[in-house]
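The values are calculated or read from the model by the stated rules, or taken from the named source; none is laboratory data. For clarity, every value in this text was computed on a predicted model and none was experimentally measured. Here the Cβ is made from the backbone with ideal geometry for all residues, glycine too, and neighbour counts use every protein chain on show.
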Amino acid sequence: MNGLQVVFLLAALVSLFSAVMVVSARRMMHAALWLVLTLMGVAVIFVTLQSSFFAVVQILVYVGAIAILIIFSVMLTRRVMEDHGDQILPGWRAAGLVALLLFGVIVGFMTLWLGFSAVLVELPADAENLLELGRSLVSPQGYVLPFELASVLLVAALIGAITIAVDRKEDQDR
Amino acid sequence: MDFLRDPFGFVIQWYVGWLSGLGLPAFGVELISKLTGALVLATGAMLFVVFLIWYERKLIGRIQDRFGPNRVGPWGIFQPVADMLKIFTKEYITPIGADKVTYNLAPILAVAAVLLLWSVLPLSVTVVGTDLNVGLLFLIAVGGLGEMSYILAGWGSNNKYALLGAFRLVAQLISYEVPLVLSALVPVMLAGTLSVTGIVQAQENVWFIVAAPAAALIFFIASIAEIGRSPFDLIEAESELVAGYNIEYSGLKFGMFFVAEFLHAFTVSMIFATVFLGGWRGPGAEQIPVLGFVYLMVKTFVVYFVTILFRGTLPRFRIDQMMNLNWKVLTPLSLGLIMAMSIVGGLTRQLPAFWQVTAYLIINLLLLGATDQLMHFAQNRKTKLNLATQPGKGVLTTSSKHGSGE
């Protein structure tokens with residue numbers, strides 16, 4: 001076992017533990033903070049996969065923006081921030097069975113995929129995977145269409161959110 | 001002679017050589033040397049804050065026509081040391097109902113987030129913490145960790161004023177991150193790399209502040225907003241918020257927020273000097289690496305001086321003015337700048353470097369001028385609209401108020 005594996009195991013344990021805490025914490029604020037730790041654990045796993053760009057983007061977007069927005073919205077709903085009720089639903093056995101079955105199906109399909117059993121190759125130190133990623137996002141042979149579609153979708157969502165939230169001038173005059 | 005030209009690099013090489021001489025495996029040598037480097041850098045940066053606090057207080061004093069600290073030591077240089085010793089002896093107070101873990105984690109995270117920034121900044125040719133290939137993105141992402149610490153502090157304190165202060169601060173930080181990231185893209189485009197070392201290397205012929213002054217201006221304004229300095233110091237509006245997110249902290253915990261703020265201000269100046277002013281570049285810096293360190297420090301202090309001048313002279317923004325400036329001026333300008341720069345860069349690809357830089361400079365100045373005109377236009381229209389909605393009320397200027405010759 002080398003150092004990288006130790007780091008991976010630690011990161012995986014931390015993110016799994018905090019993921020469990022996200023759903024079992026009684027205060028919503030604590031759940032949001034555990035979620036931050038989970039996301040950071042995922043960022044560390046990206047680092048161990050030599051994908052520093054994704055690690056940094058994970059922190060920038062998820063910890064720096066999305067988690068903070070979640071915390072904002074949790075703080076603005078102070079009344080329901082603490083949960084005293086029973087944390088386990090009445091039908092938890094059936095739900096657990098369905099989740100287990102789904103997990104089995106997904107893992108079963110994953111094993112059919114060739115990449116599942118492929119041995120990871122260590123990248124050379126000067127590999128420019130960032131440049132490759134950038135090229136494949138904008139090249140017609142790569143993912144330019146999905147990339148542009150996702151951008152248009154996001155802009156539409158943004159405009160929609162503004163349309164709903166905006167204070168119209170004519171409403172104020174009335 | 002080697003020691004005189006590059007003392008830091010010499011010591012690092014000697015230390016790594018000594019470690020591998022002990023018979024450790026290569027992995028262990030790297031781990032121990034990196035850990036030592038981190039420890040030395042972090043301690044040095046924290047101790048440096050003592051000097052920074054004195055420098056800033058002295059300078060603000062001069063701006064306000066006072067002496068500043070002048071009792072302890074020559075020119076009062078040991079005043080922060082005395083303050084530090086005093087803060088060590090203060091009592092820790094934990095407010096009732098505080099969330100203990102988040103309350104105590106926040107100051108640590110605040111300092112750690114700033115210290116992490118130093119890990120990718122190249123201090124000279126030979127002294128770099130780590131040359132990440134996504135260095136610039138890392139610098140911005142780590143800023144997000146700082147935001148987390150403010151939220152933790154505001155929420156953990158169980159105090160409404162602290163919570164409101166944290167809300168306001170984080171809203172400001174998130175908003176100003178947008179123009180910060182967008183304007184940082186311009187040097188990335190010019191250098192063709194995200195690595196901070198690569199960006200410094202790419203400024204061999206011309207500093208990026210010459211090629212992209214508009215981007216430098218946006219980056220500078222946004223980074224002042226990121227450190228919450230005047231004129232963006234709404235977080236410390238005493239009349240509204242008492243003192244912001246850190247009011248429930250005392251003793252060393254408060255001191256850590258204080259250290260984080262000063263160190264962040266200096267680090268942000270250093271990032272600006274690295275990205276736009278050529279970092280350690282200067283005559284003879286490659287042959288004599290210690291000169292590069294001196295150049296970087298001089299440039300950083302020039303930028304830091306300007307932020308202190310801002311702090312000493314400018315009045316505070318109102319929150320709507322601050323948000324308007326961000327979303328209606330800086331963000332569209334930086335988006336337009338990225339497009340203009342990439343178009344100009346594509347058109348002038350065949351030209352020699354001198355003409356390319358000139359073209360960049362012209363398009364930057366054009367955009368800045370156009371923004372200025374648009375802002376004037378909007379201001380005039382707003383004034384006219386206000387006048388039109390209030391019939392019968394003239395403009396209350398100094399001359400009409402006092403009359404003529406009364």
* Asked: Which condition does B:L132 not pass, out of (1) free of Cβ contacts under 8 Å to residues at least 40 places away in the same chain; (2) at the interface with chain A (Cβ under 10 Å from one of its Cβ atoms); (3) among the aliphatic types (A, V, I, L, M), if it passes all the others?
  -> (1)
* To do: Taking the options B:F3, B:F51, name whichever one is within 21 Å of the chain's Cα centre (by Cα), without any contact (Cβ under 8 Å) to a residue 40 or more places away in the chain and away from chain A (no Cβ under 14 Å).
  => B:F51
* Is region B:12-35 home to any residue that is more than 25 Å from the chain's Cα centre (by Cα), charged (D, E, K, R) and not in a helix (DSSP H, G or I)? -> no
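So if I check each of B:P69, B:P80, B:P95, which one is part of a helix (DSSP H, G or I) and either basic (K, R) or away from chain A (no Cβ under 14 Å) (or both)?
B:P80
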* Selected residue (only one of A:V47, A:V14, A:V42 is within 13 Å of another protein chain (Cβ to nearest Cβ) and either more than 22 Å from B:G156 (Cα to Cα) or in contact with a helix residue (DSSP H, G or I) (Cβ under 7 Å, 6 or more places away or on another chain) (or both)) -> A:V47
* Asked: So B:I174 clears everything in (1) within 13 Å of chain A (Cβ to nearest Cβ); (2) in contact (Cβ under 8 Å) with a residue 40 or more places away in the chain; (3) surrounded by fewer than 22 Cβ atoms within 10 Å (Cβ to Cβ) except one condition, right? Which one?
  -> (2)
* To do: Have a look at B:A216, B:A202, B:A211, B:A222 and point out the one that is more than 13 Å from chain A (Cβ to nearest Cβ), without any contact (Cβ under 8 Å) to a residue 24 or more places away in the chain and at negative phi.
  => B:A202
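Taking B:A222 as the residue in question, decide whether it is farther than 21 Å from B:K299 by Cβ, small (G, A, S) and in a helix (DSSP H, G or I). Don't jump to the end; show me each part of the working.
On the way: farther than 21 Å from B:K299 by Cβ: no; small (G, A, S): yes; in a helix (DSSP H, G or I): yes.
No, not satisfied.
Take the residues in region A:17-39 that are of a type in the set (G, A, S) and within 22 Å of A:I68 (Cβ to Cβ), then tell me which one is farthest from the other protein chains (Cβ to nearest Cβ).
So in region A:17-39, the residues of a type in the set (G, A, S) come out as A:18-19, A:24-25, A:31-32.
Among the residues that remain, those that are also within 22 Å of A:I68 (Cβ to Cβ) are: A:18-19, A:25, A:31-32.
Details: A:S18: 13, A:A19: 18, A:A25: 12, A:A31: 13, A:A32: 9 Å.
This residue is A:A19.
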* Just a yes or no: is a residue in region B:87-107 under 30 Å from B:T130 (Cβ atoms), crowded, with 17+ Cβ neighbours inside 10 Å and hydrophobic (A, V, I, L, M, F, W, C)? -> yes
* Within region B:184-219, how many residues turn out to be farther than 19 Å from B:A340 by Cβ and either assigned to a helix (DSSP H, G or I) or hydroxyl-bearing (S, T, Y) (or both)? -> 9
* Structure fact -> Checked region A:50-75 for anything under 11 Å from the mean Cα position of the chain (by Cα) and more than 8 Å from chain B (Cβ to nearest Cβ); matches are A:Q58, A:V61, A:Y62, A:I66
* When you look at B:L137, is it facing chain A (nearest Cβ under 9 Å), crowded, with 21+ Cβ neighbours inside 10 Å, modelled with pLDDT of 80 or more and touching a Phe, Trp or Tyr at 6+ places or on another chain (Cβ under 9 Å), yes or no? -> yes
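Restricting region B:100-129 to residues that are assigned to a loop (DSSP other than H, G, I, E, B) and under 20 Å from the mean Cα position of the chain (by Cα), which is nearest to the other protein chains (Cβ to nearest Cβ)? It would help to see each step written out before you state the result.
At the first step, the residues of region B:100-129 found to be assigned to a loop (DSSP other than H, G, I, E, B) are B:118-121, B:123-127, B:129.
Now drop any that are not under 20 Å from the mean Cα position of the chain (by Cα), which leaves B:118-121, B:123-124, B:129.
Details: B:W118: 16, B:S119: 13, B:V120: 11, B:L121: 16, B:L123: 21, B:S124: 22, B:G129: 14 Å.
Here the answer is B:V120.
Name the single residue, out of those in region B:225-238 being closer than 29 Å to B:G369 by Cβ and part of a helix (DSSP H, G or I), that is nearest to the chain's Cα centre (by Cα). So that I can check it myself, show each step before the final result.
In the first step, residues of region B:225-238 are kept if they are closer than 29 Å to B:G369 by Cβ; the result is B:225-227, B:229-232.
From what is left, the residues that are part of a helix (DSSP H, G or I) are B:225-226.
Values: B:A225: 8, B:E226: 7 Å.
Among residues in region B:225-238 that are closer than 29 Å to B:G369 by Cβ and part of a helix (DSSP H, G or I), the one nearest to the chain's Cα centre (by Cα) is B:E226.
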* To do: For residues that are away from chain A (no Cβ under 11 Å) and not small (G, A, S), scanning just region B:145-168, find the one that is surrounded by the most Cβ atoms within 10 Å (Cβ to Cβ).
  => B:R168
